[in-house]
1. Give the residues of segment 215-235 that are open to solvent by 30 Å² or more (accessible area, probe 1.4 Å), under 20 Å from Gln106 (Cβ atoms) and either in contact with a Gly (Cβ under 8 Å, 6 or more places away or on another chain) or not in a strand (DSSP E or B) (or both), sorted by residue number.
2. Which residue is modelled with the lowest pLDDT, if the candidates are limited to segment 266-292 and must be within 22 Å of Ser241 (Cα to Cα) and open to solvent by 10 Å² or more (accessible area, probe 1.4 Å)?
3. Evaluate the following for Arg240: is it open to solvent by 10 Å² or more (accessible area, probe 1.4 Å) and modelled with pLDDT of 90 or more?
4. Hey, any hits in segment 555-566 for a residue that's open to solvent by 40 Å² or more (accessible area, probe 1.4 Å) and at pLDDT below 75?
5. Spot the failing condition for Asp229; the list is (1) acidic (Asp, Glu); (2) in contact with a helix residue (DSSP H, G or I) (Cβ under 8 Å, 6 or more places away or on another chain); (3) within 16 Å of Val100 (Cα to Cα), and only one is missed.
6. If the Cβ limit is 6 Å and pairs must be 6+ apart or interchain, which residue in segment 102-116 that is within 28 Å of Asp203 (Cβ to Cβ) pairs with which residue that is aliphatic (A, V, I, L, M) and open to solvent by 10 Å² or more (accessible area, probe 1.4 Å)?
Amino acid sequence: MKNVLNRKRRACIAASFIVLALLGLCCWGGDARALSSKTARSNQVDQAGQIDPVGQTDVTVSSTQAAQSAQQSRPVMQTQPVRGPQSGRERILLFDVQAVFDLSGQMDITENITLQASGREIRRGFIRDLPLVWRRADGERYKLRYEVTGVSRNGKPEPYEIRREGDLFCIYLGDDTLLPHGEHTYSLNYRVSNHFSRFPEWDELYWNVTGNDWPFPIEKAGFSLAFRDAAGTVLDVPFRSVDLYTGKRGEKGGAARVQADKSISTTAALPRGAGLTVAYTWDRSVLAAAPDPQPYSPLRALLLPSRGTIAFWLIPLLQAGFLVYARRRLDPGSMPTVIPLFRAPEGLTPGALRQIMTKRYDGTAFSADMLELVAKGAARLENGKVPVLWRKDAESSRRSPVLQTELAKARDSLFAGGREGVSCGSTDRKVLIAVRERLASTRNKERRALFARKWPYLLVAFFMVFLLPLMASLWGYPFGDAVFFPLFLTVLCGVLIFLFAVTWRVLTEEGGAHIIVRGLLPLVQFGVTAYILILFISNMFSALTALNIPEGYVGVIAAGLLLCIAGMALLPGRTAEGLSRLAVARGLRMYLGAAEKDRFETLYPPTDSVENFEALLPYALALGVGKTWANRFERYLADTGQSGREFSNFSWRGVRSFQSSSSRYSVAPSSSSGGGRSGSGSRGGGFSGGGAGGGGGRGR
């Protein structure tokens with residue numbers, strides 16, 4: 001019959017590998033929640049790397065309706081709608097953009113979009129998608145910041161809604177009201193910052209005017225750029241160069257021309273997927289007072305806060321203060337001085353000393369307690385192929401056993417019902433299990449007096465991390481996005497800790513798994529865990545940038561979790577009584593692990609040395625120095641010609657055999673304690689779809 005230990009251990013191993021496999025599949029499949037939040041348009045990545053789906057934006061939405069600027073470089077372009085059979089086809093008749101720089105480096109955009117709606121894709125309005133991050137040809141990435149200042153349709157205010165979908169800033173124009181079929185002219189006003197490039201002698205605007213992700217053709221498009229001072233006066237700024245590109249993403253088409261006033265208009269319709277991109281340069285002195293555009297670092301944005309999110313670091317500060325309070329409250333004082341002990345402590349069984357050392361009552365603790373029965377003359381050990389404990393009455397013993405209460409009860413349970421012997425094999429495994437559970441229960445009742453209850457404090461500190469999603473929601477971020485990452489990271493860390501705990505238990509439990517399992521399990525678990533972590537890290541940035549979370553949010557969570565881990569190590573693990581017993585255990589171990597023959601004979605008369613050796617053998621086994629102690633006195637017995645009294649035919653091999661057998665077949669639940677580089681790519685090397693701006697739109 002297979003023993004209970006092997007079955008439970010195999011179940012734990014199987015469960016660990018199943019969890020690892022499922023976790024690996026989840027990581028391999030990617031972050032489903034992040035992918036579901038991306039729109040179909042945002043997945044079209046620029047082949048030359050111009051649009052980079054990373055980052056977080058600072059989004060400010062104003063409900064005030066901004067009138068079109070009276071100071072513009074040219075009047076709005078006019079066009080005649082196409083008549084005839086195609087007049088009902090949904091398309092953009094006019095996409096006219098007027099941009100005005102102020103001296104602070106911000107740019108006001110007015111997009112006048114005239115479209116033909118027939119109720120197919122354009123039913124209630126449309127969605128304007130704007131990219132949040134753009135990447136220059138030299139690899140520098142810049143995060144764009146938008147502020148919507150007004151939306152109108154056919155000259156009247158139009159309702160709108162702002163959403164962040166993956167790497168896009170989306171403006172939903174319209175509501176649930178259906179649009180009448182026909183032409184509609186929308187005026188979209190917004191402000192954008194951190195969008196131009198600065199070089200040693202000039203500044204540059206490399207701007208995707210229309211975007212390349214529209215599902216409709218664009219009959220006509222145009223763009224104009226102007227500068228104004230703080231009073232709103234349009235400045236006469238000469239441009240060093242004006243370049244333009246049309247076509248699909250990556251093309252360098254020239255289906256547009258530069259007008260005399262340096263504005264740009266297309267000379268042919270732009271089909272689906274095609275757009276207009278412009279590049280203007282001017283002397284750097286024009287915007288000399290404007291701050292330099294700041295490159296964007298995804299890692300920095302995830303870990304370090306901005307001025308608006310510095311308040312989130314109050315949570316780690318609160319955690320640190322709480323953990324300091326917990327440490328002072330749990331402080332047991334200093335441990336007594338450890339001095340060598342030469343005799344077994346009164347009232348403490350070997351298992352009790354092992355529990356205070358290892359914080360759990362394991363198989364070795366149980367074996368040491370059973371060996372204590374033999375040392376006290378309450379049982380007789382017969383070492384054969386399968387060790388057997390035999391009943392031994394007090395009258396037949398050379399000395400009456402003086403047993404601790406729990407060991408006396410354990411002896412009564414072993415030999416209850418007239419049982420004369422208990423085999424350490426599978427025959428009497430139920431008896432051994434029952435006895436170990438009784439002893440473990442007795443030990444667990446002492447835990448509160450010996451070990452500090454630090455886990456409630458750690459749990460409070462851990463759940464403080466989840467105050468962050470509440471704070472983020474108060475700042476206007478979606479609660480679901482804010483809670484997703486800490487929850488996912490908690491589950492991931494919890495699973496990995498559980499798996500390593502199972503492996504550690506299998507490797508450290510006496511009489512554990514087969515040597516092949518003990519050798520291969522750590523290697524397999526290390527490899528699979530490394531594979532999962534690599535998948536997690538490789539997908540982390542794309543997953544996090546698809547979530548609408550504040551800057552520095554990940555850094556705050558990481559700091560909070562690290563504080564919890566530090567608290568596990570820094571909070572006291574034992575009470576004053578526990579430290580006192582620990583000093584006793586270490587003092588006895590100091591003597592047992594470094595005993596010398598001459599020193600032993602000096603302390604104990606030769607006639608008493610065998611008895612004292614036998615009395616200390618269970619404690620040596622419990623404290624992890626059994627082999628040292630047993631080998632030294634095995635040589636002593638050989639040198640003196642004496643023999644063991646309670647341990648006949650004594651040898652360390654026999655003791656080790658008993659330990660392995662009694663541990664293997666006696667499973668009981670155990671408890672635990674508590675600036676300006678060139679390389680934008682526009683000067684003769686640009687293309688349609690490059691630069692900042694762009695995006696596209698959809699009907700709704």
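1. Selection gives Asp229, Ala230, Ala231, Thr233.
2. Filtering segment 266-292 down to residues within 22 Å of Ser241 (Cα to Cα) leaves 266-267, 275-290, 292.
Pick out the ones that are also open to solvent by 10 Å² or more (accessible area, probe 1.4 Å) and you get 267, 283-286, 288-289, 292.
Numbers: Thr267: 93, Asp283: 92, Arg284: 90, Ser285: 90, Val286: 90, Ala288: 87, Ala289: 86, Asp292: 81.
Checking each candidate, the answer is Asp292.
3. Working: open to solvent by 10 Å² or more (accessible area, probe 1.4 Å): yes; modelled with pLDDT of 90 or more: yes.
Spelling it out, Arg240 is indeed open to solvent by 10 Å² or more (accessible area, probe 1.4 Å) and modelled with pLDDT of 90 or more.
4. There is no residue in segment 555-566 that is open to solvent by 40 Å² or more (accessible area, probe 1.4 Å) and at pLDDT below 75.
5. Among (1) acidic (Asp, Glu); (2) in contact with a helix residue (DSSP H, G or I) (Cβ under 8 Å, 6 or more places away or on another chain); (3) within 16 Å of Val100 (Cα to Cα), the lone unmet condition for Asp229 is (2).
6. Close Cβ pairs satisfying both conditions: Leu103/Ala289; Asn112/Val76.
Here is a yes/no grid of residues against (1) open to solvent by 60 Å² or more (accessible area, probe 1.4 Å); (2) within 27 Å of Arg438 (Cβ to Cβ):
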{"position": "Ile315", "(1), (2)": "no, no"}
{"position": "Ala320", "(1), (2)": "no, no"}
{"position": "Val324", "(1), (2)": "yes, no"}
{"position": "Arg328", "(1), (2)": "yes, no"}
{"position": "Gly333", "(1), (2)": "no, no"}
{"position": "Ile339", "(1), (2)": "yes, no"}
{"position": "Gln355", "(1), (2)": "no, yes"}
{"position": "Lys359", "(1), (2)": "no, yes"}
{"position": "Asp369", "(1), (2)": "no, yes"}
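Residue-wise test of (1) among the aromatic types (Phe, Trp, Tyr); (2) at pLDDT below 90; (3) closer than 21 Å to Ala289 by Cβ.
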| position | (1), (2), (3) |
| --- | --- |
| Gly182 | no, no, no |
| Thr185 | no, no, no |
| Arg198 | no, yes, yes |
| Arg228 | no, no, yes |
| Leu244 | no, no, no |
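The values are calculated or read from the model by the stated rules, or taken from the named source; none is laboratory data. All values reported here derive from a predicted model rather than from experimental measurement. All Cβ positions, glycine included, derive from the backbone under ideal geometry; neighbour counts span all protein chains shown. Heavy atoms of the whole protein, side chains included, go into the accessibility calculation; ligands, DNA and RNA do not. Shrake-Rupley method; radii C 1.70, N 1.55, O 1.52, S 1.80 Å.
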